[in-house]
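The values are calculated or read from the model by the stated rules, or taken from the named source; none is laboratory data. Since this is a predicted model, take the numbers as computed values, not measurements. Here Cβ is always computed from backbone atoms with ideal geometry, including for glycine, and neighbour counts include all displayed protein chains.
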Amino acid sequence: MADKNKSAADSRIADRRMAKPQASRNTKNPAPVPTAEASRAALALTQLKTFEAAMKLFHARRFTEARVLFQQAAAGAERDVAQRAQLHIAMCDRRLQQTTVSFGTAEECYTYGVALINARNAAEARIHLEKALAIAPGSDHIHYALALAQALSGDLANAQENLRRAIELEPRNRMIARQDADFAPLAHQAPLRALLYPEKKAW
């Protein structure tokens, strides 16, 4: 009986010793997180952070900048965030329309016109810059900005006239236009070429 009991005890100890390494391996090697799921979670987090950044700009009444971020958030996969972003895009549009109507000074119209040029909305920029010029016809910087908006929209004749006036009011505008990246593609086209490079009439 003693031998039998000892044999059984030895067998149980051996079984436990064999089982321990297996348990240890399972602890040290947890199941990996699926890559696709982690990628979706990261994209969802980025979309949410973009939306939150847009909301901060929205509450600061920086509607043009907020709208850009809302558009990025609206393109994300999280449907709830995308829908809220779309809603706020419409709200930004309404605020911007109200803002444009309330512009009363030449500088306000000018500033908004320049922002529209930077957004490559030359047609609408011309409207606000023309209004600014009507209020302050002797402002060289407004003539300059309007000339650029007209040039970008293909109206080179009127662009030349306003740029000529801008240079008359402030001669430095000729050199500024030469170095302006927006004017660069147009500077060598008639009639702007003769205005910007009068010393090279042989061209």
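Odds and ends about this structure:
- Neighbours by Cβ (under 6 Å, 6+ apart or cross-chain): first from region 135-160, assigned by TED's automatic domain parsing to the domain that holds residue 185; second among the hydrophobic types (A, V, I, L, M, F, W, C) and part of a loop (DSSP other than H, G, I, E, B): 151/186
- Scanning region 130-142 for residues that are of a type outside the set (Val, Ile, Thr), more than 13 Å from residue 111 (Cα to Cα) and in a helix (DSSP H, G or I) returns 134, 140.
- Any hit, region 184-199, residues being part of a helix (DSSP H, G or I) and closer than 25 Å to residue 57 by Cα: no
- Qualifying residue in region 83-100 (condition: out of contact with any Asp or Glu (no Cβ under 7 Å at 6 or more places or on another chain), part of a helix (DSSP H, G or I), aliphatic (A, V, I, L, M) and within 26 Å of residue 133 (Cβ to Cβ)): yes
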